[in-house]
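Undergrad: Just dropping this structure here.
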Amino acid sequence: MSRRTQILSTAAELFAARGFHGVSVSDLGAACGISGPALYKHFASKEAILAEMLVSISEELLRVGRERAAAASSASAALAALVEWHVDFALRHRPLIVVQDRDWESLPGAARKQVRTLQREYVDLWAAQLRGAHLGLPEDQARAMAHAAFGLINSTPHSGLLPDDQMRALLSGMAAGALGLTAVAAPLSPAPLSPAPLSPSPLSPSAS
């Protein structure tokens, strides 16, 4: 892992735990095993770290999503692949979901605009596959369905009640059902699920 990647990963964990404004440059440096000022060899500011963190995850979601959709044999298969990809991403990157949800207003304006553009393209990708799978589906309804699926899948920071393999099956099955696909979640061992608080994540773009 490069030093730059280490800084981004460590910053995501710290920002998620304490909030962007609750973490200093010195805190970041100490967590990475370097001095605070040494961070400036890699990033111009703490805001630049946040910007690269959130822009890069939006780029990754869109890039891999396009690859998965392009490799699918039908719109329904593309949707299933997109669900699988987003669930995998959300399970692996819980801190990033928390950071984007809570620290969105701390993102510099130019980066915020870039993230919004990438997110809209990601919604468009899902909406196009939904309209291909459900002929006659209005575009606004397809976009609303995509947002709803994102909200469900991005609940991972609040859904630690089950192991990840069971959570993967549960989220995939629920999202597939919500999108009108035939996939269902694998059976889970019986256990009462107490409700966990959910909050919307801008990883599912709020801009239409």
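None of the figures in this text is laboratory data; all of them are computed from the coordinates on show. These numbers come from a predicted model, not from an experiment. Don't worry about glycine lacking a Cβ; one is built from the backbone with ideal geometry, like all the others, and counts go over all protein chains shown.
Undergrad: Return a whole-number percent for the relative contact order of the chain, with Cα pairs under 8 Å and 6 or more residues apart as the contact set. Numbers along the way, then the final one.
TA: Values: 234 pairs, mean separation 45.4, N = 208.
Taking the mean separation of contacting Cα pairs over the length of the chain, I get 22 percent.
Undergrad: Next up: Go ahead and estimate [θ] at 222 nm for the chain from helices alone: -39,500 (n - 2.57) per DSSP H run with n ≥ 4, summed, over the residue count, rounded to 500. Each step should come with its number before you reach the end.
TA: Details: 8 runs with 132 residues, N = 208.
My calculation for the chain gives -21000 deg cm²/dmol from helical runs alone.
Undergrad: Let me ask something additional. Highest mean first, what order results for 83-91, 165-173 on Cβ atoms within 10 Å?
TA: Numbers: 83-91: 20.9, 165-173: 18.7.
Descending mean neighbour count gives 83-91, 165-173.
Undergrad: Treat each spin label as a single point 7 Å out from the Cα along the C-beta direction, and report the Ala110 to Ala30 distance in nm.
TA: 3.2
Undergrad: For Gln6 and Asp140, calculate 0.36 nm times their separation in residues minus their Cα-Cα distance, and state this gained length in nm to one decimal. Each step should come with its number before you reach the end.
TA: Working: separation 134, 0.36 × 134 = 48.24 nm, distance 3.98 nm.
Gain in length upon complete extension: 44.3 nm.
Undergrad: Assuming R0 = 35 Å, what is the FRET efficiency of Ala178 and Ala44, from their Cβ-Cβ distance, to the nearest 0.05?
TA: Working: r = 42 Å, r/R0 = 1.19.
Computed FRET efficiency for Ala178 and Ala44 comes out at 0.25.
Undergrad: What is the Cα coordinate range of the chain on the first, second and third principal axes, sorted by size from largest, in whole angstrom?
TA: Extents along the principal axes: 56, 40, 28 Å.
Undergrad: Alpha carbon centre of segment 1-44 versus segment 134-172: separation in Å?
TA: Each part's Cα centre sits 31 Å from the other's.
Undergrad: Net charge near Arg68: determine it from the other residues with C-beta under 13 Å of the C-beta of Arg68, scoring Lys and Arg +1 and Asp and Glu -1.
TA: Working: positive: Arg63, Arg66; negative: Glu60, Glu67, Glu84, Asp88.
Charge balance in the 13 Å sphere: -2.
Undergrad: Follow-up. Could you pull out every whole DSSP H run in the chain that spans at least 24 Å of Cα extent along its own axis and averages -0.5 or higher on the Kyte-Doolittle scale?
TA: Working: long enough: 46-71 (38 Å, 0.25); 75-92 (25 Å, 0.94); 109-133 (36 Å, -0.57).
Span-like helices in the chain: 46-71, 75-92.
Undergrad: Determine the gain in length on full extension of the stretch Arg18-Arg120; use 0.36 nm per residue of separation and subtract their C-alpha separation, reporting nm with one decimal.
TA: Working: separation 102, 0.36 × 102 = 36.72 nm, distance 2.87 nm.
Stretched fully, the Arg18-Arg120 segment lengthens by 33.9 nm.
Undergrad: Give the peptides 24-31, 48-55, 94-101 in descending order of average Cβ contacts within 10 Å, highest first. Write down the numbers at each step before the final one.
TA: Working: 24-31: 15.5, 48-55: 20.8, 94-101: 22.8.
Listed from highest to lowest mean packing, they are 94-101, 48-55, 24-31.
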